[in-house]
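The block underneath contains the structure these notes are about, expressed in C-alpha cells.
No value in this document is a laboratory result; all are computed from the given coordinates. All values derive from a computational prediction rather than experimental measurement. We place every Cβ from the backbone using ideal geometry, glycine too, and count neighbours over all the protein chains shown.
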Amino acid sequence: MELPDKLIEKYRPHPRKIGAPRNEREEIIERFRERLNAEQKRDGRPAFTYALLAKRFVGISDSGLFSLYTECDDPSVKSFGAMLTYKLRQIQG
C-alpha cells in the first residue's frame, strides 16, 4: 500500500536553511554577530564568527543575553562593541 504524497510530506522533516537559528539563544547570538560585524567591517577589521561569540557567552542565560543586547543597543551608546566588552568584563569578573 502506497501512502499519498501529501501524507508523506506531512511527516518528512523540513530542512532548515543553513545557518538559520534553531532556538532563541542562537537567534540572539546571531543578532550580536550581525551588529558587531557591521562595526568591524566599517573599521576594516576581521569579522566575528558565531563560534567565538557563543564561547564568550557561555554561562550567561538567554534572558541575560537579551538584557545585555538591549543595554548595548541603547540609543545613547556610541559603540555597540565597546559597551558589550565593558558589560562582559563586569559579568565575567
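Odds and ends about this structure:
- All other residues whose Cβ lies under 15 angstrom from that of Met83 are scored, Lys and Arg at +1 and Asp and Glu at -1, for a net of +2.
- Dipole moment magnitude, nearest 20 debye, segment 26-93 about Cα centre, only Lys, Arg, Asp, Glu C-beta charged: 360 debye
- Per-peptide packing, taken as the mean over residues of other Cβ atoms within 10 Å, places 26-38, 48-60 in the sequence 26-38, 48-60 from highest down.
- Once the Cβ-Cβ distance of Arg89 and Glu26 is raised to the sixth power relative to R0 = 22 Å, the FRET efficiency obtained is 0.35.
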